[in-house]
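See structure below.
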Amino acid sequence: RAEAISQWGTPISIEDLNAIFTRHLKSDPRTPTTPFSPDPLLAESRMILPQLLDMTLKGWWTVGSQPAVDSAPSNDEIVGWGPAGGYVFQKSFVEFFCDEDSLRELDAKVRQENGWVTWYAANSQEEAFNIWSQWALLYPPNSDTRVLLEKMRDTRWLVSIVHHNFKEPDALWKLLLD
């Protein structure tokens, strides 16, 4: 409990939560983890760090991501896997929490993508929402921090989006951030 609180502090606002997720994305030693990411950011996700930071500034907290890759060598240090001589192709992906207004905005944008995007959104019955509850339990009942975290659990949506056009590495980020 003490270690978690020392890393994540006592957030009482959206700005505080943005700061926690930003520190984690920037590999700040004060926040090597989040309740949703027990490990530091992977090198692969660092390839899209500016986009992840932009999402965080919008209050969209990422819990998983990967960049689009078009024919990288299979032994590439960052995105490769397997022996030399092959190639890696991968679609861009991001999973994040957002509020309901953002979800409506995203729905309108995704409808214009004509099949290039697969996505889902959930606001309950996901393991991630249990994590909000567990995080909240670190703090006293009715404390500002606990109230905030329980509100996030009850009002945020978990969104997962895959953009299928790996030939355009910025396609997902343009959709989300423009």
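If you check ASN130 against the conditions, is it surrounded by fewer than 14 Cβ atoms within 10 Å (Cβ to Cβ) and either under 22 Å from VAL94 (Cα atoms) or touching a residue at least 24 places away in the same chain (Cβ under 8 Å) (or both)?
yes
Quickly run through segment 36-60 and pick out the residues that are within 12 Å of the chain's Cα centre (by Cα) and under 20 Å from LEU138 (Cα atoms).
Scanning segment 36-60 gives PHE36, SER37.
Out of PRO11, PRO32, which single residue is outside any helix (DSSP H, G or I) and either open to solvent by less than 20 Å² (accessible area, probe 1.4 Å) or of a type in the set (Ser, Thr, Tyr) (or both)? Don't jump to the end; show me each part of the working.
On the way: PRO32 fails: either open to solvent by less than 20 Å² (accessible area, probe 1.4 Å) or of a type in the set (Ser, Thr, Tyr) (or both).
Exactly one residue qualifies, and that residue is PRO11.
Considering every residue within segment 60-81, establish whether at least one is part of a helix (DSSP H, G or I), of a type outside the set (S, T, N, Q), within 26 Å of ARG153 (Cα to Cα) and at pLDDT 95 or above.
Looking for residues that are part of a helix (DSSP H, G or I), of a type outside the set (S, T, N, Q), within 26 Å of ARG153 (Cα to Cα) and at pLDDT 95 or above, one finds none in segment 60-81, hence no.
Condition test on THR33, is it modelled with pLDDT of 95 or more and in contact with a helix residue (DSSP H, G or I) (Cβ under 9 Å, 6 or more places away or on another chain)?
no
Answer yes or no as to whether GLU3 is closer than 21 Å to ASN130 by Cβ and either in contact (Cβ under 8 Å) with a residue 12 or more places away in the chain or not in a loop (DSSP other than H, G, I, E, B) (or both).
For GLU3, the condition - closer than 21 Å to ASN130 by Cβ and either in contact (Cβ under 8 Å) with a residue 12 or more places away in the chain or not in a loop (DSSP other than H, G, I, E, B) (or both) - is met.
Restricting attention to segment 61-102, report how many residues are within 17 Å of LEU177 (Cβ to Cβ), among the β-branched types (Val, Ile, Thr) and in contact (Cβ under 8 Å) with a residue 60 or more places away in the chain.
Selection size over segment 61-102: 1.
With the condition being over 15 Å from the mean Cα position of the chain (by Cα) and closer than 20 Å to ILE48 by Cα, I'd like the strands (runs of 3 or more DSSP E) fully within segment 83-178 carrying at least 3 qualifying residues. Steps first, answer last, please.
Values: elements: 87-90, 92-98, 117-122, 157-163.
Here the list reads 87-90.
The values are calculated or read from the model by the stated rules, or taken from the named source; none is laboratory data. Quantities reported herein were computed from a predicted structural model and do not represent experimental measurements. Backbone-built Cβ (ideal geometry, glycine too); neighbour counts: all protein chains shown. Ligands, DNA and RNA are excluded from the accessible area calculation, which covers all protein heavy atoms including side chains. Shrake-Rupley method; radii C 1.70, N 1.55, O 1.52, S 1.80 Å.
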